[in-house]
Amino acid sequence: MTMKDISALDELERAVRKEPTVIEAAEDRLREQLDSERPEERMDAGRALRAAAEHDPELVEAYEGTLVGFLTEDNGSLRLSGALGLAELSEVAPERLEYAVPQLVDALEETVAPSIEEAIVRSLTRIGTVDPESVAAADPVVAARLPEATLPTQIAILRSFVGTVAERPDLFDATTAAYAEATGADRGIIARCAVRALATVASANPGAIPSRQRVLDRAEELRAVAEADPRPDTGREIRAAARALTWAFEGEERAPLRP
């Protein structure tokens, strides 16, 4: 695409979705729109960056700081573009985004948009796989969000973020406690995911699990429901999680005291 073609574009996002690599040739046009006082031009530029990142995160590496800055924008479209763009970048270079954790945490605490919160949890999860300590500040915010979030975000916190929690349970007391509370959720999938999350944490540090007896009782209740289901393999994961919790707690009790 020539510079003449780029300058004649009605929407940069549309062009990038059609041909993602055009983002490289359109740098001047992109930066002009990012600096524009017209909200629609800035939103179009943000969506173009989002589209390029979804195709290939490396295409937007030069705009990493711009995406981080989007998180504090009043404009919801720009915040979404920032959250989604950073989620894609975190998949290929999570260590580069450790500095952005404070902005991600603040944005998660303030957002009411499910798509933004889910994208931020994805970023925090990936950064946490590299360095759990770097995302420890997210502990109280993630814990508070768990019971309030939409189902996809709840599942992301229970199934994905738990890897970071299990790596350093001492840094995530609030999230672990939220997992324990979630075992009592009315929605079965959340309760089962919470039990499995606690089993993962217990395998690393049984002492990190709060309300043990209540958690075990709930795990056994869910296991019994699964075993009563006549469908083959139904509840296999929850049965394994219940066993893992029991073994972890019993193993801790049998462990010799250290001098």
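The values are calculated or read from the model by the stated rules, or taken from the named source; none is laboratory data. Note that the coordinates shown come from a computational prediction; the quantities given were computed from them, not determined experimentally. When we count neighbours, we look across all protein chains shown, and the Cβ atoms used for this are built from the backbone with ideal geometry, even at glycine.
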### Message
For the structure I just gave you, tell me whether Thr72 is among the polar types (S, T, N, Q), assigned to a loop (DSSP other than H, G, I, E, B) and either in contact (Cβ under 8 Å) with a residue 60 or more places away in the chain or out of contact with any helix residue (DSSP H, G or I) (no Cβ under 6 Å at 6 or more places or on another chain) (or both).
### Response
yes
### Query
So which of Glu227, Glu221 is more than 25 Å from Ile120 (Cα to Cα), at pLDDT 90 or above and over 21 Å from the mean Cα position of the chain (by Cα)?
Glu221
### Query
Is one or more of the residues making up segment 172-194 more than 20 Å from the chain's Cα centre (by Cα), hydrophobic (A, V, I, L, M, F, W, C), buried (at least 23 other Cβ atoms within 10 Å of the Cβ) and assigned to a helix (DSSP H, G or I)?
no
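In segment 202-217, what count of residues is obtained for those that are under 26 Å from the mean Cα position of the chain (by Cα) and either farther than 18 Å from Ala182 by Cα or not in a loop (DSSP other than H, G, I, E, B) (or both)?
The qualifying residues number 8.
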### Query
In this structure, does Val101 turn out to be at pLDDT below 95, of a type in the set (A, V, I, L, M, F, W, C) and more than 15 Å from Arg42 (Cα to Cα)?
no
### Task
All but one of (1) crowded, with 21+ Cβ neighbours inside 10 Å; (2) farther than 16 Å from Ala144 by Cβ; (3) over 11 Å from the mean Cα position of the chain (by Cα) hold for Asp74, so report the exception by its number.
(1)
#### Entry: Test for Val112: is it among the aliphatic types (A, V, I, L, M), buried (at least 16 other Cβ atoms within 10 Å of the Cβ) and either more than 12 Å from the chain's Cα centre (by Cα) or assigned to a helix (DSSP H, G or I) (or both)
no
### Message
It is to be established whether one or more residues within segment 230-240 are in contact (Cβ under 8 Å) with a residue 12 or more places away in the chain, surrounded by fewer than 23 Cβ atoms within 10 Å (Cβ to Cβ) and among the basic types (Lys, Arg).
### Response
yes
